[in-house]
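Here's the structure we're looking at; comments come further down.
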Amino acid sequence: MRFTLPVLVLGIVISQGAMAAGDGSAAVGGGVGGVLGNIVGQQLGGSTGAAIGAGVGGAAGSAVGAPRGNKTEAAIGGGVGGAGGSLIGRQLGGSTGSAIGAGLGGAAGGAVGNNLGDDGNRHSSGGKHKHKHKNKNKNH
């Protein structure tokens with residue numbers, strides 16, 4: 001119980017940073033997916049199932065929330081963050097701490113992965129769609 005307030009404060013700080021960086025959808029998706037996956041995994045397979053569920057849920061949620069070019073990076077970040085947060089949270093606060101850690105880890109990982117995906121996609125498309133014959137069917 002004594003870790004609840006610091007964990008909540010850390011969650012607020014991380015989520016504010018994610019929203020400011022423009023990674024809000026991937027962060028929210030990773031957080032919600034991590035928590036839900038953690039809870040379902042806990043019911044099915046104990047602490048190991050909770051960590052696996054949090055990883056899968058965080059990855060799926062981050063991928064759904066990320067924009068088109070960043071889905072893979074966001075999924076990796078959300079999955080690793082959700083699973084790691086679940087394991088660390090279990091050590092600090094039992095099953096409740098595991099769920100909180102999975103949510104925070106999934107959100108942070110999804111936001112960081114999405115942000116890293118933005119950094120890697122700085123190349124231009126090379127003008128694939130030029131529309132040279134725009135007025136082709138115009139009557140003169």
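Per-structure values
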| item | result |
| --- | --- |
| Total residues in region 64-115, condition surrounded by fewer than 20 Cβ atoms within 10 Å (Cβ to Cβ) and either charged (D, E, K, R) or in contact with a Pro (Cβ under 9 Å, 6 or more places away or on another chain) (or both) | 2 |
| Odd one out for Gly11, checked against (1) at pLDDT 90 or above; (2) surrounded by fewer than 24 Cβ atoms within 10 Å (Cβ to Cβ) | (1) |
| Test: residue in region 76-95 that is at pLDDT below 90, of a type in the set (A, V, I, L, M), under 17 Å from the mean Cα position of the chain (by Cα) and not in a loop (DSSP other than H, G, I, E, B) | no |
| Tally of residues being β-branched (Val, Ile, Thr) and touching a Ser or Thr at 6+ places or on another chain (Cβ under 9 Å) across region 74-123 | 4 |
| Flag if Ala60 is among the aliphatic types (A, V, I, L, M) and buried (at least 24 other Cβ atoms within 10 Å of the Cβ) | no |
| Selection status of Gly61, out of contact with any strand residue (DSSP E or B) (no Cβ under 8 Å at 6 or more places or on another chain), within 12 Å of Gly31 (Cα to Cα) and at pLDDT 90 or above | no |
| Flag for Asn139 being among the polar types (S, T, N, Q) and at pLDDT below 85 | yes |
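The values are calculated or read from the model by the stated rules, or taken from the named source; none is laboratory data. Since we're looking at a predicted model, the values are computed, not measured. Every residue, glycine as well, gets a Cβ built from its backbone with ideal geometry; the counts of neighbours run over all protein chains shown.
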